[in-house]
Each structure stands twice: as C-alpha cells, then as structure tokens.
Amino acid sequence: MTKMNKNLLNELNESEKVYNNSDQTNHSIDELISNLTQFNWDFGKIPSKLGTKPRKITLTLKNIGGVPAHWQFKLPNDSEIEMEPWADPGEPSEEKAFENHILEKGIFNVSPRKGSLIPGEQMEMNVFYYPKEISQHYLKTFLQIQNGKPLIINLMGETLARRAYMRLVKDVYYLPPTPIGLEWAVTYPIEIKNLGITKLKYHIDTTPLESLNSNNYDFRVFEIQNPEGTLGPNEI
C-alpha cells in the first residue's frame, strides 16, 4: 500500500492522461491500459470448507487534496455494452472465459464500488474473496479517480482442496557471511506455515545436507535442528 500511496501523489504521466481522455482517441482498451501502473492484491490461500466466510481487505480512502474527489472501482464487465439478442459475440478466449466465470460466480466483490470525498473526508472500502471453488483466481480491476490516477488492481487468491497445506514463508534464504572460528554455530530460522484447518505433520529430507557434510570431511556445514514435527492450523 505504501507504493500505491506514493504513486497516487505523483503527477499524471502521458499514458494516464491519454487514458483519462480516451473519448478523444481511437486506441483500443488494451492499448489504453498497457502502460498503466499495476498493483497486486493477494488474498493468499484459503482451505475449502462448507460455510467458509470470505477473506476481506479493508482500505481507508482519504481525500488529502483541496477539491472534492470522485472515485470508482471498476470490474471488467462494467464497461460492456448490452448486445441485442440476435448479435453473435463469437467464442471468447480462454482468458476471457475464465474472467467471465469469476464474475458470474462472484468470486471477488467490492463494496462500495464508488464514492465522493470532500477535502479531509475519509471512508472505508472492502474487497472480498469468496472461496467458492477449488482453484486459483485472478481478476484485473481498475481504481479510477476522476481527473486523477487510473490504477490497475490485480486481485488474486487461491482456494485449497487439502485441509492441511504447508508453505514456506520465504522460498529463498540468503545467509550472511560468517567468520571462521566461532565457538557456536550460527542459527538461522526458516519459517513454515500450515495454511490448512487441520494438524499437519511434516518431514524434511536431509539427504542433500548429509551428502554436503560428507564431502566436507564430515564437518557439519549445515544441520537442521527439527527436521520433522507437527503444525496446528495457521501455526508457524
């Protein structure tokens, strides 16, 4: 959010000016949005179970300017024109069909979708992700401020089939240089998390580490202190 707030304080660039005056150009929508700034809002992974409540992101919008601000959060189908019954739109692309499916199922929802703020006024906007089906979901949306910054917001989330699901908090760990001759080995925490709703038992294959140590005259270059254990729901 810090990057997004900083971006909103910047002057409009040329691509954003063209987008705001799209009624005066012949550019397609793909051309208009190709150079707009994008931000990812990731809802993470949610285990699938009956009656699961949606995951919610709450944003506080505040007008720090000197004039009224009118904003609107647009979904991809907001700008579609209703076609006559006899019109044939043709087969949608795979990406478009997936987008339509997410919109029809109501996987993502925003409330309220638009509003106005006088100088100094603030309000909350809620974005919801509903785990209605087991899949990865993503949707490109737009946050439009009248005569201001148009931003692309990529909504993402995943609903899990497994009741227990382990994830590394980080995929890559860079260990800092360590001086020779320390009396005790330096310990670095590597965090894992159970994203599921039941207990999870884990076991780490230490064969590669044992091979590395063996090739270094059986010196313990690396050692994992707890290569197996149990994690409760949402436990790290």
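The values are calculated or read from the model by the stated rules, or taken from the named source; none is laboratory data. None of the values given here were measured: they were computed from a predicted structure. No Cβ is skipped: glycine too gets one built from the backbone with ideal geometry, and neighbour counts run over all protein chains shown.
Quick notes on this structure:
- Flag for Ile224 being outside the structural domain of Lys17 (by TED's automatic domain parsing), over 26 Å from the mean Cα position of the chain (by Cα), more than 30 Å from Ser135 (Cα to Cα) and surrounded by 10 or more Cβ atoms within 10 Å (Cβ to Cβ): yes
Residue-by-condition table, conditions (1) of a type in the set (Asp, Glu); (2) surrounded by 15 or more Cβ atoms within 10 Å (Cβ to Cβ); (3) not in a strand (DSSP E or B):
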{"site": "His137", "(1), (2), (3)": "no, yes, no"}
{"site": "Met156", "(1), (2), (3)": "no, yes, no"}
{"site": "Thr159", "(1), (2), (3)": "no, yes, no"}
{"site": "Pro176", "(1), (2), (3)": "no, no, yes"}
{"site": "Glu183", "(1), (2), (3)": "yes, no, yes"}
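- Looking at Met125, Met83, just one residue is modelled with pLDDT of 90 or more and either part of a loop (DSSP other than H, G, I, E, B) or of a type outside the set (Val, Ile, Thr) (or both), and that residue is Met125.
- Flag for Gly196 being among the small types (Gly, Ala, Ser), part of a strand (DSSP E or B) and surrounded by 10 or more Cβ atoms within 10 Å (Cβ to Cβ): no
One line per residue, one yes/no per condition, for (1) without any contact (Cβ under 8 Å) to a residue 24 or more places away in the chain; (2) more than 30 Å from Lys53 (Cβ to Cβ):
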residue: Asp171; (1), (2): yes, no
residue: Leu175; (1), (2): yes, yes
residue: Trp184; (1), (2): yes, yes
residue: Thr187; (1), (2): no, yes
residue: Asn194; (1), (2): no, no
residue: Asp218; (1), (2): yes, yes
residue: Ile224; (1), (2): yes, yes
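- Restricting segment 5-33 to residues that are small (Gly, Ala, Ser) and surrounded by 12 or more Cβ atoms within 10 Å (Cβ to Cβ) leaves a set whose member that is farthest from Asn234 (Cα to Cα) is Ser22.
- Some residue of segment 210-220 being under 29 Å from Pro131 (Cβ atoms), among the hydrophobic types (A, V, I, L, M, F, W, C) and in a loop (DSSP other than H, G, I, E, B): no
- Residue match in segment 1-13 (condition: in contact with a helix residue (DSSP H, G or I) (Cβ under 6 Å, 6 or more places away or on another chain) and either on the phi > 0 side of the Ramachandran plot or free of Cβ contacts under 8 Å to residues at least 12 places away in the same chain (or both)): no
- Thr206 polar (S, T, N, Q) and in contact with a Pro (Cβ under 6 Å, 6 or more places away or on another chain): yes
- Qualifying residues in segment 139-154 (those that are touching a Lys or Arg at 6+ places or on another chain (Cβ under 8 Å) and surrounded by fewer than 16 Cβ atoms within 10 Å (Cβ to Cβ)) - the one modelled with the highest pLDDT: Asn154
- If you filter segment 122-135 down to residues that are surrounded by 14 or more Cβ atoms within 10 Å (Cβ to Cβ) and not hydrophobic (A, V, I, L, M, F, W, C), you find that the one that is farthest from Ile57 (Cα to Cα) is Ser135.
- Subset of segment 222-236 (residues that are modelled with pLDDT of 85 or more and among the β-branched types (Val, Ile, Thr)): Ile224, Thr230
- Any hit, segment 67-79, residues being under 17 Å from Met125 (Cβ atoms) and among the acidic types (Asp, Glu): yes
- The residue of segment 199-209 that is modelled with the highest pLDDT, among those that are surrounded by 14 or more Cβ atoms within 10 Å (Cβ to Cβ) and hydrophobic (A, V, I, L, M, F, W, C), is Leu209.
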